[in-house]
Amino acid sequence: MMIEATDVEALARGCAVLGTGGGGEVATDALIARQALRDFGPVRLVTLDDLPDDGILMPVGGIGAPSVGAEKLGSGQEVTYLRDAVEQALGAPVVALMASEIGGGNGLFPLAAAARTGLPVVDADAIGRAFPEVHMVSMNVAGLQPELIVVADERRNVVLLRPVDGRWAERLARAAAEVFGGAAAMADYVMTVGQARGAVIEGSVTRALQIGRAVDGAADPVAALVDVVGAIRLVEGKVVDVERHTAGGFVRGSIVVEGYGADAGRYVRVEVQNENLVALEDGTVLAIVPDLITLVDSQTADAIATERVRYGQRVVVIAFPSAPIWRTAAGIEIAGPRAFGYDIDFVPVEGSHAAHA
C-alpha cells in the first residue's frame, strides 16, 4: 500500500483522535507530510513481514511539551540526523521508519522523512495512542530494553543515549529535549525487525486512516467516530474552565466541561499531562488511562489538542478501549493510573460508571 498526499487529511484526523489531546500538533505535521509527499512521491506502507529480521527499524517522533512543539518548528532534517547517528552507531542500515506513537502529530512524523529518503513506513507504532513519557511504549511492556535512543534538534545537535532501562530513557531523553528548547526529535527504542515482532502494535496506521475516512463526509460525524472506534460518550457540553501550564517538558492542567441538552447539570473534569489522563464526575472515574479519552468538536468530530482547548468550545468527550497490551499487568504498571500518581485501580471504560450511566 502507498500513502499519498491525498491520504494525509484522513490520516491526520485519525491520528488526532488517537492522540488523546497530545502526541504533537497535528496541523503542522500534516502540512509538512503533504508537501513532502507532493515533492518526492508516495511512501510505501509495509508490514514487519515485508522486512528482513536483521534490518534496523527506527521508531521516530517528537519529544517535549506539545505547546512548545507547536511554536518551535524543526528544520525538516532532524530524522536524517537521527538516521545517520543510528547507522554509524550500529554499523547497519535503517530499513524502515515507524511512528513512535500513532497519536497526534507523531503519527504523521515519519512520512516526510520517508518520502525524502525512500524508506518505507511500517504499519505499526509503539503505543496505539499517545503517552507523555518515553518508557510508556509497548516494547517496554514486552520486556525489550532501550539499547539505543537518539535525540536531535534543528541545529544538528545529536545526543546518543544508552540507558539502563525505560525509566532512565525517559529521564535522559527529557533532559536533552529541555536543553534543546523544550522540544526535539527522537529515535526511540531502536531495534531490529525481529525484535519488533510481538513488541509493537501492528495495524495502527491503517486504523488511523480508517478513523479519518469514517468521519469524513459523514452526516453525523460524532456518531460515525463513536461507531468506528467503539467509544462511549462521556458528556456533551461547553468548556467552562481550562487550567494549563508547561513545566518539565510537559503540558499539565485540567479541563472542565459543563453538559448541555441531555447532559445539562453535569460537570466532567478531564486531567491532563500532555494527554488526557482521567475523566471525573463528582469524584467518580468515568474513564482513565491506559484507555483513550478524547475531546472532539461537537459538530465536526475533529479532535481538539490540549494546547488548543479554549473556554466556550462546544465539545463531546469520548472514551474508548486501549490496545490489549496496555490492559495486561505489565501494561497497567507502566502506563496505568498509578504510573501518573492516581491511587485508583484501572477499570476498563466499557465496565465503568460511564458505560452504565
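The values are calculated or read from the model by the stated rules, or taken from the named source; none is laboratory data. Because the structure is predicted, anything quoted here is derived from the model rather than measured. All Cβ positions, even for glycine, are placed from backbone atoms using ideal geometry, and neighbour counts span all protein chains on display. Accessible surface areas use protein heavy atoms only, side chains included; no ligands, DNA or RNA. Shrake-Rupley method; radii C 1.70, N 1.55, O 1.52, S 1.80 Å.
Quick notes on this structure:
- Of the residues making up segment 187-202, not one is without any contact (Cβ under 8 Å) to a residue 60 or more places away in the chain and either hydrophobic (A, V, I, L, M, F, W, C) or open to solvent by less than 30 Å² (accessible area, probe 1.4 Å) (or both).
- Residue count, segment 147-174 (criterion: open to solvent by 10 Å² or more (accessible area, probe 1.4 Å), within 24 Å of V200 (Cα to Cα) and not aromatic (F, W, Y)): 12
Conditions tested, residue by residue: (1) open to solvent by 10 Å² or more (accessible area, probe 1.4 Å); (2) assigned by TED's automatic domain parsing to the domain that holds V141; (3) under 28 Å from R213 (Cβ atoms); (4) not in a strand (DSSP E or B).
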residue: V251; (1), (2), (3), (4): no, no, no, no
residue: S254; (1), (2), (3), (4): yes, no, no, no
residue: V257; (1), (2), (3), (4): no, no, yes, no
residue: G265; (1), (2), (3), (4): yes, no, no, yes
residue: V268; (1), (2), (3), (4): no, no, no, no
residue: E271; (1), (2), (3), (4): yes, no, no, no
residue: A319; (1), (2), (3), (4): no, no, yes, no
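- Options A184, A177; residue that is open to solvent by 10 Å² or more (accessible area, probe 1.4 Å), outside any loop (DSSP other than H, G, I, E, B), in contact (Cβ under 8 Å) with a residue 24 or more places away in the chain and not assigned by TED's automatic domain parsing to the domain that holds P324: A184
- Residue pairs meeting the criteria (Cβ under 9 Å; at least 6 apart or on separate chains; first free of Cβ contacts under 8 Å to residues at least 24 places away in the same chain, in segment 4-17; second open to solvent by less than 20 Å² (accessible area, probe 1.4 Å)): T6/L37
- Q88 passes every criterion in (1) over 10 Å from the mean Cα position of the chain (by Cα); (2) assigned to a loop (DSSP other than H, G, I, E, B) apart from (2).
- Every residue from segment 273-291 that is surrounded by fewer than 24 Cβ atoms within 10 Å (Cβ to Cβ), not polar (S, T, N, Q) and not in a loop (DSSP other than H, G, I, E, B): V278, L280, E281, V285
- Count of segment 175-194 residues which are under 19 Å from S138 (Cα atoms) and touching a strand residue (DSSP E or B) at 6+ places or on another chain (Cβ under 8 Å): 8
- Checking G22 against (1) buried (at least 20 other Cβ atoms within 10 Å of the Cβ); (2) closer than 15 Å to A112 by Cα; (3) small (G, A, S), the condition it does not meet: (2)
- Residue within segment 43-58 that is under 30 Å from I304 (Cβ atoms) and modelled with pLDDT of 95 or more present: yes
- The single condition from (1) open to solvent by less than 30 Å² (accessible area, probe 1.4 Å); (2) in contact with a Lys or Arg (Cβ under 9 Å, 6 or more places away or on another chain); (3) within 24 Å of V8 (Cβ to Cβ) that R213 fails is (1).
- Residues of segment 321-356 classified as of a type in the set (G, A, S) and either outside any loop (DSSP other than H, G, I, E, B) or not assigned by TED's automatic domain parsing to the domain that holds L295 (or both), total: 8
- Complete set of residues in segment 157-192 that are within 21 Å of the chain's Cα centre (by Cα) and under 23 Å from L48 (Cα atoms): M186, A187, D188, Y189, V190, M191
- From R233, R213, R207, residue being in a strand (DSSP E or B) and either touching a residue at least 24 places away in the same chain (Cβ under 8 Å) or out of contact with any Ser or Thr (no Cβ under 7 Å at 6 or more places or on another chain) (or both): R233
- Of all the residues in segment 43-64, those that are touching a Ser or Thr at 6+ places or on another chain (Cβ under 8 Å) and either aromatic (F, W, Y) or farther than 26 Å from G104 by Cβ (or both) number 3.
- E350 meets the conditions (1) free of Cβ contacts under 8 Å to residues at least 60 places away in the same chain; (2) surrounded by fewer than 22 Cβ atoms within 10 Å (Cβ to Cβ) in every case but one. The failed one is (1).
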